[in-house]
Amino acid sequence: MNYKKARIISLFLALIAMGCIWFLTVPEDPNILLIVVTIALFISALAVHLIFYKCPHCRKRLPSRGYPGETCRKCGKKLDS
Ligand SMILES: [Zn+2]
């Protein structure tokens, strides 16, 4: 998995988790399964981000905010290769 896929997947998982939280705000019937799924989604989003959102050359983590840019800020190599 490259850093672009990792970024999209972690964002996607986080969005689903936020959607689940929205369902959890419905006060009748608190659903334990939904709580577990929400926590699992957040953990997987974080895990994908931490494990795969890295420079393909030096394996240093890319900045989590904003677009990482064309080149790695640590080793200076192009990220797309
Ligand atoms: Zn690098």
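Table for the structure above
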quantity	calculated
Gain on full stretching of the segment that runs from Asn2 to Glu28 - 0.36 nm per residue minus C-alpha separation	5.2 nm
Proximal charge balance of Lys54 [Cβ under 9 Å; K/R count +1, D/E count -1]	+3
Furthest towards positive pole of dipole, Leu13, Tyr67, Pro30, structure part the chain, Cβ charges	Tyr67
Quotient of C-alpha Rg and 2.2 N^0.38 Å, computed over the chain	1.38
Low-density loop positions, trypsin sites (Lys or Arg not before Pro), region 1-77 - DSSP coil, at most 10 other Cβ in 10 Å	Arg59, Arg65
For Lys54, distant residues with modelled amide H under 5 Å away	Tyr3, Leu62
Length-normalised contact order for the chain - Cα pairs under 8 Å, 6+ apart - percent	31
Unit charges on C-beta of K, R, D, E only; dipole of the chain, Debye	900
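Bear in mind these aren't lab numbers, they're just calculated from the coordinates by the rules spelled out. Treat the numbers as computed from the prediction; the structure is a model and nothing was measured. Positions of Cβ are generated from backbone atoms using ideal geometry, with glycine treated the same way; all protein chains shown enter the neighbour counts.
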